Amino acid sequence: MTLSEVYGCGATHCGKRSHNEDAFFVDNEIGLFIVADGVGGEDAGEIASKIVCQILPERIRAGITLSDAIQEANLAIANSVSLGDGRPGMASTVVALLVKSDRYEIAWLGDSRAYIWDGHLKLLSRDHSVVETLLARGEIDLEQAQKHPKKNIILAALGGGDANTNIGQNAGVLRSGTRFLLCSDGLT
């Protein structure tokens, strides 16, 4: 599979909310696809998600890794407040897909997700959330997770400025006909 055979598209909708804090980026030429979901309601999450979608492509074009680009977006969000852009506390989750030749790389932070369709739908990412942590420890099952009172609490997002953010990563070989779905936690 060649990069010229890769095609992506995106859409976003605020649903029942008064404003949309989601942002996405699609660049078929460099094979980069991003979904960023602003966090915090009144805390300018829409600005944080836009910063993610600006910084990642710049840094990927400069030749740095997807994970390092996410680290730089994390710091850029934190620094933007001191520069007068946004508000203290603004943050964003992110999931990004980078396709190079016949390989793909996915990186994420927070609860935005990546799925692959290769005959079956499979989750490629794991939420940085309270419920996902409880599931991983075996403290709750899937049924309990769906009804858990803290199911919407995430443990990590871009914007804290922590340079040691634990970014999730996954990679693999791209096969003809493979499809990916990148989405925020709001997709139903």
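The values are calculated or read from the model by the stated rules, or taken from the named source; none is laboratory data. As the structure is a prediction and not an experimental result, all values here were calculated from the model. Cβ coordinates were reconstructed from backbone atoms using ideal geometry, including for glycine residues, and neighbour counts include every protein chain displayed. SASA here: full protein model, heavy atoms, side chains in, ligands and nucleic acids out. Shrake-Rupley method; radii C 1.70, N 1.55, O 1.52, S 1.80 Å.
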Condition test on residue 169, is it in contact (Cβ under 8 Å) with a residue 24 or more places away in the chain and among the polar types (S, T, N, Q)? yes
Taking the condition of being basic (Lys, Arg) and more than 15 Å from the chain's Cα centre (by Cα), how many residues in the stretch 86-128 meet it? 4
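Mind telling me which of the residues 174, 123 ends up being farther than 26 Å from residue 51 by Cβ, at pLDDT below 90 and among the hydrophobic types (A, V, I, L, M, F, W, C)? Full working, then the answer.
Working: 123 fails: at pLDDT below 90.
Going through 174, 123 in turn, the sole match is 174.
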Provide a single number: the residues in the stretch 66-106 that are farther than 30 Å from residue 177 by Cβ, in contact (Cβ under 8 Å) with a residue 12 or more places away in the chain and of a type in the set (S, T, N, Q). 5
Selection from the stretch 65-80 of residues that are open to solvent by less than 10 Å² (accessible area, probe 1.4 Å) and under 16 Å from residue 96 (Cα atoms): 66, 69, 70, 73, 74
Within the stretch 41-64, restricting attention to residues that are within 15 Å of the chain's Cα centre (by Cα) and not hydrophobic (A, V, I, L, M, F, W, C), which residue is surrounded by the fewest Cβ atoms within 10 Å (Cβ to Cβ)? 54
Selection from the stretch 72-114 of residues that are closer than 13 Å to residue 33 by Cα and either in contact with a Phe, Trp or Tyr (Cβ under 7 Å, 6 or more places away or on another chain) or hydrophobic (A, V, I, L, M, F, W, C) (or both): 94, 95, 96, 97, 98, 99, 106, 107, 108, 114
Need pairs with beta-carbon distance below 7 Å; first residue closer than 15 Å to residue 175 by Cβ and aliphatic (A, V, I, L, M) and within the stretch 107-118, second open to solvent by 20 Å² or more (accessible area, probe 1.4 Å) and in a loop (DSSP other than H, G, I, E, B); sequence gap 6+ or separate chains. 116/124; 116/178
Just checking, does the stretch 157-165 include any residue being closer than 27 Å to residue 62 by Cβ, in contact (Cβ under 8 Å) with a residue 40 or more places away in the chain, open to solvent by less than 30 Å² (accessible area, probe 1.4 Å) and not in a loop (DSSP other than H, G, I, E, B)? yes
Looking at residue 125, is it in contact with a Ser or Thr (Cβ under 7 Å, 6 or more places away or on another chain), under 15 Å from residue 35 (Cβ atoms) and either touching a residue at least 60 places away in the same chain (Cβ under 8 Å) or open to solvent by less than 60 Å² (accessible area, probe 1.4 Å) (or both)? no
